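Here's the structure, in structure tokens; my notes come after.
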Amino acid sequence: MPTIYDVAREAGVSAATVSRVLNGARTVDPAMVARVLTAVRELGYRPNAVARNLRRSRTTLWAVIISDIGNPFFTATVRGIEDVAQQAGYSVVLCNSDEDPAKEETYVAAALSEQMAGVIIASSGSAKAAKSLLDSPIPVVAIDRQLPRGEVDTVVVDNEAGARTATRHLLDAGYRRIACVTGPEGVSTADLRLRGYTAALSEQQPPGEPLVARTDFREQGGYDAMAALLSSPERPDAVFVANNLMTVGALRCLADHEVRVPGEMGVVGFDEIPWADLVRPSLTTVAQPTYELGRMAARLLVDRIATPAGRPATVVLPAELRARQSSAR
């Protein structure tokens, strides 16, 4: 009876590579995969069922790795994940990375060592964590943000279109010096929302000049970025802020500097905020279907656990502009 070493010798690869191919790892070169599978067929190799089941034993737990549990966006998203997980017989272990790549890498390592049934991750941008996930046979779904350096099942909002709509809304209201406060470079949500903002500016006549402040996705980051924009020579008359916590910080900064909204500064935030209708002026936002994001990610993970093979799916959900008082002119 042929062994895994016979397959490796026939295919011209290592036994470890044969094991990775047979376990469904996604980072093996397609040509190498083809050689291994050809050798398996020609030799009639059959993995030992008992050993394979021991290697593939999984818990009924999912690791859900998010970047900030204090953000209401993720609270609603996790609810969608959990509802589907429980219906499918799984429980959720919630991991908060705090936008810290090192912390994210630790959680990923723990999920893999504990043989979690699957991982749903809103990546902080860590290439090391992404590689660990891609090298593992454990099913992975990326949510809200694309996973660096690899293709996995992904559920996102149309960030670029939402940002373009928000910026056009400010232009249509009569604002001309529109700034953008966005997140760290290399995080897909930050980069795509910036791209939508710059696209809207370039479409007007004459094209607008981008005025961009990058920061982290935190309230204090939004405050500091807004303060820098207020002190710049080209002080804006409106600002598009690329997530809800940064929007809170930007509004706090404007209040501290006694800048009237919308009289002196128009404001649109990306992400709905629970109290957006309650404050005065009420806050114009780009609302994301947060619960549906979580629900869809969980459905993809359930399907991927059941059917490991096949090309990864990407689901893009629409965002909705909710115009209120803060963007009036």
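The table below lists the values:
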| read-out | value |
| --- | --- |
| Members of the range 294-326 found to be assigned to a helix (DSSP H, G or I) and of a type outside the set (A, V, I, L, M), listed by number | Gly294, Arg295, Arg299, Asp303, Arg304, Gln325, Ser326 |
| Unmet criterion (only one of (1) free of Cβ contacts under 8 Å to residues at least 12 places away in the same chain; (2) in a helix (DSSP H, G or I)) for Gly249 | (1) |
| Residue list for the range 207-227, filter: among the basic types (Lys, Arg) and farther than 20 Å from His257 by Cα | Arg214 |
| Given (1) at pLDDT below 95; (2) farther than 21 Å from Ala287 by Cβ; (3) touching a Lys or Arg at 6+ places or on another chain (Cβ under 6 Å); (4) not hydrophobic (A, V, I, L, M, F, W, C), number of the condition Glu203 does not satisfy | (3) |
| Only one of Glu272, Glu292 that is acidic (Asp, Glu), within 20 Å of Ile81 (Cα to Cα), buried (at least 17 other Cβ atoms within 10 Å of the Cβ) and in contact with a strand residue (DSSP E or B) (Cβ under 8 Å, 6 or more places away or on another chain) | Glu272 |
| Condition check for Ala200: part of a helix (DSSP H, G or I), surrounded by 19 or more Cβ atoms within 10 Å (Cβ to Cβ), in the same structural domain as Leu283 (by TED's automatic domain parsing) and among the hydrophobic types (A, V, I, L, M, F, W, C) | yes |
| Single residue of Leu317, Leu321 found to be surrounded by fewer than 19 Cβ atoms within 10 Å (Cβ to Cβ), within 30 Å of Val84 (Cα to Cα), modelled with pLDDT of 95 or more and in contact with a His (Cβ under 9 Å, 6 or more places away or on another chain) | Leu321 |
| Yes/no for Ala25 being within 25 Å of Leu112 (Cβ to Cβ), surrounded by 14 or more Cβ atoms within 10 Å (Cβ to Cβ) and modelled with pLDDT of 85 or more | no |
| Single residue of Ala163, Ala85, Ala110 found to be surrounded by fewer than 18 Cβ atoms within 10 Å (Cβ to Cβ) and either touching a residue at least 40 places away in the same chain (Cβ under 8 Å) or out of contact with any Asp or Glu (no Cβ under 8 Å at 6 or more places or on another chain) (or both) | Ala110 |
| Single condition Leu301 does not satisfy, out of (1) in the same structural domain as Asp68 (by TED's automatic domain parsing); (2) surrounded by fewer than 17 Cβ atoms within 10 Å (Cβ to Cβ); (3) modelled with pLDDT of 95 or more | (2) |
| Residue selected from the range 7-22 under the condition over 20 Å from Leu134 (Cβ atoms) and at pLDDT 85 or above, by the criterion surrounded by the fewest Cβ atoms within 10 Å (Cβ to Cβ) | Gly12 |
| The range 214-251, subset charged (D, E, K, R) and under 18 Å from Gly183 (Cβ atoms), residue surrounded by the fewest Cβ atoms within 10 Å (Cβ to Cβ) | Arg214 |
| Matching option when the condition is crowded, with 19+ Cβ neighbours inside 10 Å, within 29 Å of the chain's Cα centre (by Cα), aliphatic (A, V, I, L, M) and over 21 Å from Ser231 (Cα atoms), among Val267, Val286 | Val286 |
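Condition check ((1) at pLDDT 95 or above; (2) touching a Pro at 6+ places or on another chain (Cβ under 7 Å)) across all residues:
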{"site": "Ile143", "(1), (2)": "yes, no"}
{"site": "Gly150", "(1), (2)": "no, no"}
{"site": "Arg177", "(1), (2)": "yes, yes"}
{"site": "Glu185", "(1), (2)": "no, no"}
{"site": "Asp191", "(1), (2)": "yes, no"}
{"site": "Arg195", "(1), (2)": "yes, no"}
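The values are calculated or read from the model by the stated rules, or taken from the named source; none is laboratory data. These numbers come from a predicted model, not from an experiment. FYI the Cβ positions are ideal-geometry reconstructions off the backbone, even for glycines, and counts take in every protein chain you see.
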